[in-house]
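What follows is a single structure, written as structure tokens, with notes after it.
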């Protein structure tokens, strides 16, 4: 598995669009954000849906500290009241339980995903209630280091594209992303890097 962020691909991306050279000039090279494959990382990504990373991390740490080990069986052992005490919303508690059940019933094997192509990974993940396109995108990039993912559902990425290109229509943004193929994950990393550095996060 090759890192999304590497010197050769960065040079190639610069030839495709000078926007990335501009970001690099301002803030340098983005980190190669990555996470281990598996249940813990996918659960964290579910908790990150539609909330700030800081809030999601706080909720995850509270949940992780409450149970003996972060496993599907431990998650399923928790009552609604215990989930609420860990600041896990009713909806996200349901999603974590759906994921846990799918793994325990062997409907989803996360260890197999690294051997599949992007479309098959999406199909398997999105068969689980609570896992949509954004969650699949993040797992593909961060956990599987998939090279050509453009997370059109990510607010930080989209707002950064709007700011730097003055293109505001999502269809037009997606059309623009076509020119960054096959390095759209690296493009997204640059946009996240810009977003976070500009806000000093």
**Complete:** Exactly one of 167, 128, 173 is free of Cβ contacts under 8 Å to residues at least 12 places away in the same chain and either closer than 26 Å to residue 33 by Cα or out of contact with any strand residue (DSSP E or B) (no Cβ under 9 Å at 6 or more places or on another chain) (or both), and that one is 167
**Prompt:** Checking residue 21 against (1) on the phi > 0 side of the Ramachandran plot; (2) part of a helix (DSSP H, G or I), which single condition isn't satisfied?
**Reply:** (1)
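Wholly within segment 47-165, which helices (runs of 4 or more DSSP H) include no fewer than the required count, namely at least 1 residues that are over 29 Å from residue 2 (Cα atoms)?
In segment 47-165, the matching helices (runs of 4 or more DSSP H) lie at 53-66, 72-76, 80-85, 90-104, 155-165.
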**Prompt:** Being at pLDDT 95 or above and more than 24 Å from residue 133 (Cα to Cα), is that true of even one residue in segment 54-62?
**Reply:** yes
**Asked** Tally time: how many residues in segment 42-58 are touching a helix residue (DSSP H, G or I) at 6+ places or on another chain (Cβ under 6 Å) and surrounded by fewer than 17 Cβ atoms within 10 Å (Cβ to Cβ)?
**Response** 0
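The values are calculated or read from the model by the stated rules, or taken from the named source; none is laboratory data. As the structure is a computational prediction, the values presented were derived from the model and not from experiment. Counting neighbours? That spans all protein chains shown, and the Cβs are built from the backbone with ideal geometry, glycine included.
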